[in-house]
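To keep things clear, I will list the structure first and then write my remarks on it.
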Amino acid sequence: LSALAERTQNRANIAIAQEALGDGLFAEQKYPQALERYQQFLGLAEGERVGYARLECGLTLLRLGRYPESREMLDRAGEVAVKFPPLQRSIARYRAEALLSQEQFPEAAALAQRMLGDGKGMNPVTAADLQRILGLAWLRSGKRDAGLRECQEALASAIGLNDSGLVLNARLAILEAWVAGRDTTHAVTTIHDLEPALETHPESRWRAFALMARLDS
């Protein structure tokens, strides 16, 4: 699509292709390369798509640990989202992810709970990911039982939705819960479930083995 769009100089198709290439690279956890594609998408996007381009840039910057730039990009996405509730929910979801990443666990849990409580019209993928964020926020703030339950529900939802990226993240969350509870049996089972995906997902591979090292150096 990218090659065809470039030959015909179709701006809309070039934008679609850049976003899709960014999505593929992001799914492979090649974040610097994904950011380049999303930035190209942003330069071509119009109307509502500008908001989504800023959102995708913001999430990728978050993954790279570039928090101030990520926050600014999400704020700019919010300027476009005023008339688009689905975009508003996506921005809030990634704000919760950012709070979790920056160890602001009570704030991450409160935002995730508020969104789940006001779930009218929410995409099931968004809801399942918010369950994961809530579970990890509780887990990391010392509420292990509640965190484990939420992570288990998130994994069940992800499997039911048959979304490979969602399942991978949910399994990493449940692995963290088992490790936190020193449950070696369940942790080993989970790492075996994760193994097929780890070969092609470098960040997840590192996270999984770093977690398991807490149980077995």
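Computed over Cα pairs, the Kirkwood radius of the stretch 77-190 leads via Stokes-Einstein (0.890 mPa s, 25 °C) to a diffusion coefficient of 173 µm² per second.
So for the stretch 74-149, averaging the separation of alpha carbon pairs under 8 Å that are six or more residues apart and normalising by length, what relative contact order in percent results?
So the answer I get is 25 percent.
Rounded to whole Å, give me the distance from the Cα center of the stretch 80-109 to that of the stretch 160-184. If we compute the Cα centre of each part, the gap is 21 Å.
In a DSSP loop and with at most 14 other Cβ atoms within 10 Å, there are no chymotrypsin sites (Phe, Trp or Tyr not before Pro) in the stretch 8-71. Shape index of the stretch 145-217: Rg/Rh, with Rg the Cα radius of gyration and Rh the Kirkwood radius from the inverse mean 1/r over Cα pairs, equals 0.95.
Put simply, the Cα atoms of the chain extend 57, 36, 32 Å along their principal axes, the longest span coming first. Which one of Leu87, Ala127, Leu100 is farthest out on the positive end of the charge dipole of the stretch 83-189, using unit charges on Cβ (Lys, Arg +1; Asp, Glu -1) and the Cα centre as origin? The residue sitting farthest along the positive end of the dipole is Leu87.
Charged neighbours of Gly65, selected by a Cβ distance under 13 Å, balance to -1 (K, R count +1; D, E count -1). Working note: Cα atoms of the stretch 44-134, range along each principal axis, descending, whole Å: 36, 31, 18. Net charge near Thr184: determine it from the other residues with C-beta under 11 Å of the C-beta of Thr184, scoring Lys and Arg +1 and Asp and Glu -1. Cβ neighbours under 11 Å give a net charge of 0. Mean sequence separation of contacting Cα pairs (under 8 Å, at least six apart), scaled by the length of the stretch 77-217, corresponds to a relative contact order of 16 percent.
Using only Cα atoms, figure out Rg for the stretch 108-172 and give it as a multiple of 2.2 N^0.38 Å.
Numbers: Rg = 11.0 Å, N = 65, 2.2 N^0.38 = 10.7 Å.
The reported ratio for this selection is 1.02.
Across every pair of non-identical alpha carbons in the stretch 134-177, the mean reciprocal distance, once inverted, gives a Kirkwood radius of 10.0 Å.
Quickly work out the Arg114-to-His192 label distance, labels modelled 7 Å from Cα along the C-beta direction, and quote it in nm with one decimal. Once both label points are built, they end up 4.3 nm from each other. Here is the list for the stretch 6-44: GluC sites (Glu not before Pro) lying in DSSP coil, each with at most 15 other C-beta atoms within 10 angstrom of its C-beta, are Glu28. How far, in degrees from 0 to 90, does helix 164-180 lean away from the longest principal axis of the Cα atoms of the chain, to the nearest 10? In the chain, helix 164-180 runs at an angle near 30 degrees to the longest axis.
Distance distribution note for the stretch 1-81: the fraction of Cα pairs above 19 angstrom is 33%. A DSSP coil position with no more than 11 other Cβ atoms inside 10 Å describes the following GluC sites (Glu not before Pro) in the stretch 69-123: Glu103. The lysines within cross-link reach of Lys83, meaning a Cα-to-Cα straight distance under 28 Å and a gap of 8 or more places when in the same chain, are Lys120.
Any read-out appearing in this document is the output of simple, stated calculations on the displayed coordinates, not a laboratory observation. It should be emphasised that the depicted structure is a prediction, and the values quoted were computed from it without experimental measurement. Note that each Cβ is placed from the backbone with ideal geometry, even for glycine, and that neighbours are counted across all protein chains shown.
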